[in-house]
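Taking it in order: structure first as structure tokens, then the write-up.
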Amino acid sequence: MKLNETGPELSSKDIKRFEKKQGIKLPEPYKKFLTENNGGYPGKSLFKISDAQGESVLNIFFGIGDMYDNLADFIRIYKGRMPEEFFPIADDSNGNSICLGLEGQYQENIFFWDHEQENEDADMSNMYFLAKDIYEFVESLQ
């Protein structure tokens with residue numbers, strides 16, 4: 001899926017610089033996604049959170065570089081608010097985050113982080129599994 005209003009084109013060097021600056025190692029599928037779409041708005045945006053939570057509408061994927069929805073800014077904003085294995089890659093129309101797992105059993109997985117259920121422990125109690133990786137999530141959008 002090609003996103004609309006994407007950021008500047010990224011090279012693998014740009015991504016390596018970003019990883020070094022942020023102190024993180026991005027999963028390969030997400031790196032590929034960033035080189036194809038550096039942030040932007042999806043054409044299809046409806047996704048299911050869970051049976052109990054229902055559906056939501058994806059707003060925008062964050063990108064790297066000089067742009068309003070800058071990934072680095074959102075990583076900084078949410079640091080310590082969600083489990084450390086995750087970082088935000090997008091948000092929905094209600095200010096919740098779509099997150100990517102960076103390590104361990106959650107590596108590459110996409111989760112929904114519900115800000116209305118946020119707690120001081122930054123645990124998994126307000127997180128809902130969405131997809132095994134970024135491409136499965138994008139393909140699930142309706």
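Taken together, the values in this text are just the output of simple stated rules run on the coordinates, not laboratory data. Keep in mind that what you see is a predicted model, and the values were worked out from it rather than measured. For neighbour counting, all protein chains shown are included, and Cβ atoms are generated from backbone atoms with ideal geometry for every residue, glycine included.
Computed values, structure above
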read-out: Estimated 222 nm signal from helices in the chain, with DSSP H stretches of n ≥ 4 weighted -39500 (n - 2.57), rounded to 500; value: -7000 deg cm²/dmol
read-out: Hydrodynamic radius of region 77-121 per Kirkwood, over alpha carbon pairs, in Å; value: 10.7 Å
read-out: Diffusion coefficient, µm² s⁻¹, Stokes-Einstein with Kirkwood Rh over alpha-carbon pairs of the chain at 20 °C and 1.002 mPa s; value: 142 µm²/s
read-out: Alpha-carbon Rg with Dmax, taken over region 1-52, Å; value: 13.6, 42
read-out: Test item: Cα-centred dipole of the chain, Lys/Arg +1 and Asp/Glu -1 on Cβ, debye; value: 660 debye
